[in-house]
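The values are calculated or read from the model by the stated rules, or taken from the named source; none is laboratory data. Remember, it's a predicted structure, so these values are computed and weren't measured experimentally. Ligands, DNA and RNA are excluded from the accessible area calculation, which covers all protein heavy atoms including side chains. Shrake-Rupley method; radii C 1.70, N 1.55, O 1.52, S 1.80 Å.
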Amino acid sequence: MHPALQGLITIIVGVGGCVGYFYFSNQFLDRVLFPATGKHAGRNINRANQIRPWLFLFPALFALGLYLAYPVFATLWLSVSDRDAGGAFVGLANYSQMFGEPKFWEAMYNNMLWLFIVPAMSTAFGLLAAQLTDRIGWGNIAKSLIFMPMAISFVGAAVIWKLVYDTRPAGKDQIGVLNAVWLGFDGGSFSVLMLKILPALVLIVFSAFLAFGVFQMARSFLRGGQSHSATPWWGLVMRGALALIAVWLIWLSLGSVASLAGATLPYGEPQTWLTIPFWNSIFLMAVLIWIQTGFAMVILSAALRGIPEETIEAAVIDGANPFQIFFRIKVPQIMGTIVVVWTTITIVVLKVFDIVFAMTNGQWETQVLANYMYDKLFRANDWGVGSASAMIIMLLVTPILVWNVYNARKETR
């Protein structure tokens, strides 16, 4: 059958099925189940009106249950059973095996790096782009160009950036942009500035930003008060976990600064960037940052335009400079939107798979949880450990979803 005809039949059957379901279900409700006749007509009409919304919701609820709820419980059962032994219950044996594998902890380590670097950088670049593009005449064109990567699939973006990181043997023309730039450095003062001093400053600023966040959380916790008592226990646990991870990243960043200062860089030699441990993960993160910056920019630009002009005019009259207006007036008023953008990108990061799969396939210490799960499920045919890793991903995503729902309900109240 021709694909166009098949698509047309699918549309007709789908739309016709929906229309038929709603028509016949309402007819059954009004004429058979609760007929609007006889001495109980009023009661039947009220009952029919109470049930009618659920008729409209049933297809969506059924689809969600079939495609979301059932897979969760099925995956949970697979994670505590042995599929090769006929589905025999093995308890936490699959989890124990998974926790004993170095590749799993490598994936966890890399996911934590992705979790902090990608949302932070995407949100920061998106906020910066939103602020700057609103101040120039061709801002809409600039926004279109920045948002364009969002229209590219993750695999397509990975292929593009793989060309950026491409390596050819020494003595041949380099088609990879990064290697073409790298071969321009010769070890002089410019090389030291660009390859040592500038990266060290970036790492120091990143560490200072994290240290400031830890300091703010610690001060809020020590002060206690009404805001502290209003925070649920799981919110305090999440803040404590974030503070510990931030301290770990500070230590890692400062250690990288120290190692960078004493490093001997191989000038004049083309580098296989995706095989350099730690830095290859950063190169992979750059792809997702490139994609998600456009998303952050669009949402934050709308939030910035929603700020009342009166507050900005009052700040100008009081003598505030542009930096004070941005950080003390604008950012606090859109903090709710920033948190939403941050958490949305965080959920994307926890499920990242396509970029790693297409560029390194988890080799050279770039493994992440989703790719580890894929390897176990479809390459090693180890359904138990693969399902256990899927449950770990779900457990990591769940607190963020709960946090979003909690904030949404709080704002509604």
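Details
- Here the relative contact order of the chain, from alpha carbon pairs under 8 Å that lie six or more residues apart, stands at 26 percent.
- Relative contact order of segment 17-139, pairs being alpha-carbon contacts under 8 Å that are 6 or more residues apart, as %: 10 percent
- Residue-normalised accessible area of the chain, expressed per residue, 1.4 Å probe, Å²: 59 Å²
- Segment 127-179: relative contact order in percent, alpha carbon pairs under 8 Å with at least 6 residues between: 20 percent
- Cα gyration tensor category, rounded, prolate or oblate, for segment 264-405 with a/c compared to 1.5: oblate
- Global geometry of segment 1-116, whether rounded, prolate or oblate, following the gyration tensor of its Cα atoms and the 1.5 cut on a/c: prolate
- Shape class for segment 17-63, computed from the alpha carbon gyration tensor (a ≥ b ≥ c): oblate, with a/c not under 1.5 and a/b at or below b/c.
- Ranked order, Trp114, Trp182, Trp290 - accessible area, probe 1.4 Å, largest first: Trp290, Trp182, Trp114
- Here is the P(r) of segment 255-298: all C-alpha pair distances, binned every 10 Å from 0, give 22, 38, 27, 13, 1 in whole percents.
- Percent carbon-and-sulfur accessible area, the chain, ignoring ligands, DNA and RNA, probe 1.4 Å: 71 percent
- Candidate membrane-span-like segments in the chain, meaning DSSP H helices with Cα atoms spread over at least 24 Å of their own axis and a Kyte-Doolittle mean of -0.5 or above, are 3-28, 41-64, 102-133, 198-223, 233-261, 279-305, 383-412, with no membrane implied.
- Thr10, Thr343, Thr337, ranked by accessible area, largest first (probe 1.4 Å): Thr10, Thr337, Thr343
- If you take the Cα centroid of segment 269-296 and the Cα centroid of segment 24-83, the two points sit 47 Å apart.
- Taking a quarter of the surface of the Cα convex hull of the chain gives a mean projected area of 33.1 nm².
- Of the three principal axes defined by the Cα atoms of segment 117-209, the extents in descending order read 44, 35, 27 Å.
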